[in-house]
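Visitor: Take a look at this one; I'll ask things after.
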Amino acid sequence: MLPAPLDPLASSLFSLTAIATLLLAFVMLGSRWLDNYLYAFAAQSWAIAALGAAVGYFAQAPDLYLIAALTALFRGLVLPYLIWRMIRRLQIARELHETLRPASALVVGALAVIFSLFVSHALAGPLGLGGTVAILALTVMMATVLIGFLMLAIRTEAVSQIFGLLVLENGVRLGAQILIPGMPLLIELVILADVLAAVACLGVLVRYLLTQFGTASTAGLKRLVG
């Protein structure tokens, strides 16, 4: 577990990394270009890996170094590479069918952050979360998860929705690293395997959409509703 109270250096480092992760989620939310999603997600994954290594150092938990290395390798390199290949095969550069304009999406995202801040302050007492870093971690976790859900709701391209799912999972991962750094290594590895499996399944979905509808937009799936 993390020592209490936190060292000022640790507190500043955790806060900076959490805020950077949230800002990168806003980069994806406010952009139409798939390359921007890709670079922002890779940077977000590297930031979470750096946070995991820092938590491992200050919490004296060497197993977190392995998790940080796997996060940097798979989420920071392997997943972006697989999605990059998918984008190149689809020959799609941007989101074509928007249900909400990027500027409006940013406003909704900002409202999600405000909502998350109020909820975090309300839960801080019952959950026994002391200090600004824990409240900030809970706020960023909830806000990033909500932004991920928002991306799933307003984006129609299958690749964009893959990024929404990954952003959602990154938010949960970030909060878990700060709030419960003692999570067993086996659980961490299972979560990482689930993410890889989910991306593989979504890749199959993209190929199905191209075969059946000639497009990677999930809007065509509405025809399957009875």
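Visitor: Rounded, prolate or oblate: which one fits the range 1-134, using the alpha carbon gyration tensor with axes a ≥ b ≥ c (rounded when a/c is under 1.5, else prolate when a/b beats b/c, else oblate)?
Guide: Values: a/c = 3.21, a/b = 1.38, b/c = 2.33.
It is oblate, given that a/c is not under 1.5 and a/b is not larger than b/c.
Visitor: Highest mean first, what order results for 78-84, 64-70 on Cβ atoms within 10 Å? The partial results should precede the final answer.
Guide: On the way: 78-84: 17.0, 64-70: 18.6.
The most tightly packed comes first, giving 64-70, 78-84.
Visitor: Go through 159-169, 116-126 and give me the packing order, highest mean Cβ count within 10 Å leading. Intermediate results must be reported in sequence, preceding the final value.
Guide: Working: 159-169: 22.6, 116-126: 14.0.
Averaged packing, sorted descending, gives the order 159-169, 116-126.
Visitor: When the Cα centres of the range 72-122 and the range 132-180 are compared, how far apart do they sit, in Å?
Guide: 9
Visitor: Let me test this: with uniform point scatterers at the alpha carbons of the range 83-174, what is the Debye-based log₁₀ I(q)/I(0) at q = 0.11, 0.14, 0.22 1/Å?
Guide: Normalising to I(0) and taking log10 leaves -0.39, -0.58, -1.04.
We did not get these values from a lab; they are worked out from the coordinates using the rules stated. Just so we're clear, the structure is a prediction, and the values are computed from it rather than from any experiment. Don't worry about glycine lacking a Cβ; one is built from the backbone with ideal geometry, like all the others, and counts go over all protein chains shown.
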